[in-house]
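Undergrad: Right, I'll just put the structure down here and ask away after.
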């Protein structure tokens, strides 16, 4: 039986995934399951470009759309990654984030315009991963993520921020300017392998998930109309319900992004 489902995930399936707010406590509440999946990566010697992914969504999609990540090079800063709903016919898309579907097979639910590595060659690992997720009922909690480009280790930690004013998210390497740390939600969403030496010892409580590469930050619910009125009074860009002040490093990055995308 095929281990990977072909075709795009339906809008109905995607929109039924937990929001980042609903998934925020999953890493803590299911730490033992997460640790087991991380050790599974290590046991099969899976390259560091493949990691465990917290299943969540930020926005809904319509029929004929997919949520797509795209790299954008900023001349004055470097490369950031933008995710937004995109027509599935607009570009050649490759699976990036995968869930275990109802047919007990991996299926991409978020995509990228970049070429990704071929995960089908890790058949033994995929079979055990899918079996574990189904047995432990983790289908809406943990999946897999492919960091595109190559099988090399991802060198820089990243943070993903919601940009509801543009209905997208922006993933930024942490060595670039970031918005102020005033977010209500700040949760790990991406974990690499966990060596067996970190396995929980009897009586020591839950294992601490390690090898985090991506965190997701969100400012919570804010009245957009109030923000627009405030933004008119000041020179700045509204970002996740907050005004990014002119002259700050993150304003420069955000302004650069909006000029080139």
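The values are calculated or read from the model by the stated rules, or taken from the named source; none is laboratory data. Model, not experiment: these values are computed from the prediction. Backbone-built Cβ (ideal geometry, glycine too); neighbour counts: all protein chains shown.
Undergrad: Within the bounds of the range 26-34, is there any residue that is without any contact (Cβ under 8 Å) to a residue 12 or more places away in the chain, closer than 26 Å to residue 161 by Cα and either exposed (fewer than 15 other Cβ atoms within 10 Å of the Cβ) or in contact with a helix residue (DSSP H, G or I) (Cβ under 6 Å, 6 or more places away or on another chain) (or both)?
TA: yes
Undergrad: Looking at (1) surrounded by 15 or more Cβ atoms within 10 Å (Cβ to Cβ); (2) at pLDDT 95 or above, which is the one condition that is false for residue 47?
TA: (2)
Undergrad: Select from the range 117-158 the residues that are more than 20 Å from residue 56 (Cβ to Cβ) and touching a strand residue (DSSP E or B) at 6+ places or on another chain (Cβ under 7 Å) and write down the one among them that is modelled with the highest pLDDT.
TA: Ranking the qualifying residues of the range 117-158, first place goes to 126.
Undergrad: Considering each residue of the range 35-47, count those that are in contact (Cβ under 8 Å) with a residue 60 or more places away in the chain and not in a helix (DSSP H, G or I), and give that number.
TA: Number of matching residues: 3.
Undergrad: Would you be able to tell me the number of residues in the range 1-18 that are farther than 15 Å from residue 54 by Cα, in contact with a strand residue (DSSP E or B) (Cβ under 7 Å, 6 or more places away or on another chain) and in a helix (DSSP H, G or I)?
TA: Looking only at that region, the number is 1.
Undergrad: Tell me, which residue of the range 68-121 that is in contact with a helix residue (DSSP H, G or I) (Cβ under 6 Å, 6 or more places away or on another chain) and part of a loop (DSSP other than H, G, I, E, B) is surrounded by the most Cβ atoms within 10 Å (Cβ to Cβ)?
TA: By that ranking, first place goes to 77.
Undergrad: So, one more: Considering only residues that are more than 19 Å from residue 143 (Cβ to Cβ) and within 17 Å of the chain's Cα centre (by Cα), which ones fall in the range 38-78?
TA: 70, 71, 72
Undergrad: Now for a separate question. For residue 21, which of the numbered conditions (1) in contact with a strand residue (DSSP E or B) (Cβ under 9 Å, 6 or more places away or on another chain); (2) at pLDDT 95 or above; (3) farther than 17 Å from residue 130 by Cβ; (4) in a helix (DSSP H, G or I) fails to hold?
TA: It fails just one condition, (2).
Undergrad: Checking the structure you have, find out if any residue of the range 200-221 is in a helix (DSSP H, G or I), under 30 Å from residue 48 (Cα atoms) and at pLDDT below 90.
TA: no
Undergrad: Okay, moving on. Just wondering, is there one or more residues in the range 50-63 that are under 18 Å from residue 195 (Cα atoms) and touching a helix residue (DSSP H, G or I) at 6+ places or on another chain (Cβ under 7 Å)?
TA: Yes.
Undergrad: Still on this model: Take the conditions modelled with pLDDT of 85 or more, in a helix (DSSP H, G or I) and surrounded by fewer than 18 Cβ atoms within 10 Å (Cβ to Cβ) and apply them to residue 255. Does it pass?
TA: Yes; evaluated as a whole, the condition is true for this residue.
Undergrad: Would you call residue 165 in contact with a strand residue (DSSP E or B) (Cβ under 8 Å, 6 or more places away or on another chain), assigned to a strand (DSSP E or B) and either surrounded by 15 or more Cβ atoms within 10 Å (Cβ to Cβ) or at pLDDT 90 or above (or both)?
TA: The answer is no for residue 165.
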